[in-house]
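Taking it in order: structure first as structure tokens, then the write-up.
Read-outs throughout are calculated quantities, based only on the coordinates presented, and are distinct from any laboratory measurement. Values in this document were obtained by computation on a predicted structure and should not be read as measured data. Here Cβ is always computed from backbone atoms with ideal geometry, including for glycine, and neighbour counts include all displayed protein chains.
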Amino acid sequence: MLQIGTQETFVAFKRVAAVTEIPESRGLRVRVGELEIGLYRVGEGYCAMDNVCPHAGYPLCDGELEDSTIMCPGHGWVFDVQTGLAPGEVEETPLVRYPVRIEGDDLWIDVDEPLKP
């Protein structure tokens, strides 16, 4: 999870949802341009990650979120929304994650500068 707090870094961020829209046990699907992104509440923070399971293309945000892991509703694959990896994996290619910023009650993400794996 990343929250960026300087005005200069806010330029590329886009408002995607109110924090109250994000359920506690699932994700929230949003579109930014051509990208489909899942937003997740983890503890007191928020994560943004590509929403398509690489196995069969199911929307991950429709799965069950437990702690920081989301289970794909299609075939049960599990991903950590904080790392983009399956738990225990270190050499796989993670799902793309995006920086998150909270401004008041709004959640903003930067799709132009994904987080590094």
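Here the chain is treated as an ellipsoid with the same Cα gyration tensor; its semi-axes, largest first and in whole Å, are 22, 15, 13.
Lys and Arg at +1, Asp and Glu at -1: add these up for the other residues within a Cβ distance under 10 Å of LEU95 and post the number.
Residues close to LEU95 contribute a combined charge of -2.
For MET71, what charge total do you get from the other residues with a beta carbon under 13 Å from its beta carbon, if Lys and Arg give +1 and Asp and Glu give -1? That works out to -4. Annotation: amide H of ARG26 within the under-5 Å range of LEU65, sequence separation 5 or more or interchain, hydrogens built in the peptide plane. Dipole of segment 7-109 computed with +1 at Lys/Arg Cβ and -1 at Asp/Glu Cβ about the Cα centre; of GLY27, TYR58, TRP108, farthest Cα towards the positive end is TRP108. Think of it this way: in the chain, CYS47, CYS61 stand alone, with no other Cys Cβ under 4.7 Å.
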